[in-house]
Amino acid sequence: MILFCFTQKYSACFLSKILFRTATRKSCAKLSFYTSRLLHKRHLSQNKGLQSVYAQNDRFIPLCSDPSASDLAKLQNFLDMHPSIFVLTGAGLSTESGIPDYRSEGVGLYATSPNRPVQYVDFLKSSQIRQRYWARNYIGWPRFSSFQPNRCLYILSDWERKGRIHWLVTQNVDALHYKAGSQRVTELHGSTHRVLCLSCNYRITRHAFQTMIDEANRNWSLDIPTVMADRPDGDVDLDSDVIKEFVVPPCPSCGGILKPEVTFFGDNVPKTVVHEVLEKMFQADAMLVLGSSLEVYSGFRFIHRAHSHEMKIAIVNIGSTRADNLAEVKVSAKCGDVLQRLSV
Ligand SMILES: [Zn+2]
């Protein structure tokens, strides 16, 4: 049994390294999902204690009404008129899985906590900030990586299988679309499930990196807080004295700085990614926005470009969005309540 566990642990880690060194970036995203599933069980079993100390996670959806029959009819007609849809998804799609968003009134991170995500420039220039980031992320990872897709994500995966989704771009970094089975996906802001060296482009799955952290911190003593709040990026609160003892593993290939393959606040989405997404978008018949306030320019730019090219746009989001005036159809309701009432 011990030998089996050892073999499973290291073969999965080794496999993930080989896969990430040899695969293209696009296929990496798919491989990372399967590799992460392979390692997922081990981390859950290692961190059973953590599962019980988090607060309840069913409270991140803002208050809202059921969608009206007339709004649903308009949206159904929109889908019937446009067989090949480009979908843009935001944090509102993950809140039904228990992951809070940043901006929702009353329940998002900005409304409930003084904590703010790390800025890209700070992560680059300060080893202390990187130590703080990775220590907190290390503790939050077993919980964050265990979130499962909700009904919205499974419905979208089903729509893709039926050929109704030309492409989907998400602003979320939680890999839930891949977990639900979608494949025609661009993760606009990257994924917390992958780690990248900033010097040599060495890549590793986040689960495999967790093992590297485990090994570098065998002597790290830690009293786990009694209650840890869920955060949109898996961050948790840790005492600064505890963080001082935390060891951040360097890149095993060149000794450089490792960073989640995520576009941090203050950084930009690579231009090549934007162009690829625009190309996919213009091939589609229409655009459907789900669960995004569109406050962040990186997402807003697509709807702005779509509108200027006279693409038809529908938006499903609780509350208003920055682009409501650009949409032909706007439904203010929970995405799951809307999607499950539509037929494609
Ligand atoms: Zn490196």
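Over 25 Å between Cα atoms, which of Lys179/Lys244; Lys162/Lys280; Lys179/Lys334; Lys312/Lys334; Lys179/Lys259; Lys271/Lys330 qualify?
Those over the limit are Lys179/Lys244; Lys271/Lys330.
Taking θ as phi - 60° and the Karplus parameters 6.51, -1.76 and 1.60, the scalar couplings of the stretch 187-196 work out to 8, 4, 9, x, 8, 5, 7, 10, 10, 10 Hz in sequence order, x denoting glycine and proline.
A Förster distance of 35 Å, applied to the separation of the beta-carbon atoms of Met81 and Glu295, puts the FRET efficiency at 0.80.
The amide H of Phe265, built 1.01 Å from its N in the peptide plane, has Tyr120 as neighbours under 5 Å, considering only residues 5 or more places off or on other chains. Annotation: amide H of Thr186 within the under-5 Å range of Leu168, Val169, Thr170, sequence separation 5 or more or interchain, hydrogens built in the peptide plane.
For the stretch 152-161, 3J(HN,Hα) computed residue by residue from phi via the Karplus equation (6.51, -1.76, 1.60; θ = phi - 60°) reads 4, 5, 5, 5, 5, 4, 5, 4, 5, 4 Hz, glycine and proline entered as x.
The HN-Hα couplings worked out from phi for the stretch 303-316 by the Karplus form 6.51 cos²θ - 1.76 cosθ + 1.60 (θ = phi - 60°) are 5, 5, 5, 4, 5, 5, 9, 6, 6, 7, 10, 10, 10, 10 Hz, whole numbers, x standing for Gly and Pro. Each label was represented as a point 7 Å from its Cα along the Cα-to-Cβ direction; for Ser240 and Trp220 these points are 1.9 nm apart.
No lab work stands behind these numbers, since they all come straight from the coordinates. Since we're looking at a predicted model, the values are computed, not measured. Cβ atoms come from the backbone with ideal geometry, glycine included; neighbour counts cover every protein chain shown.
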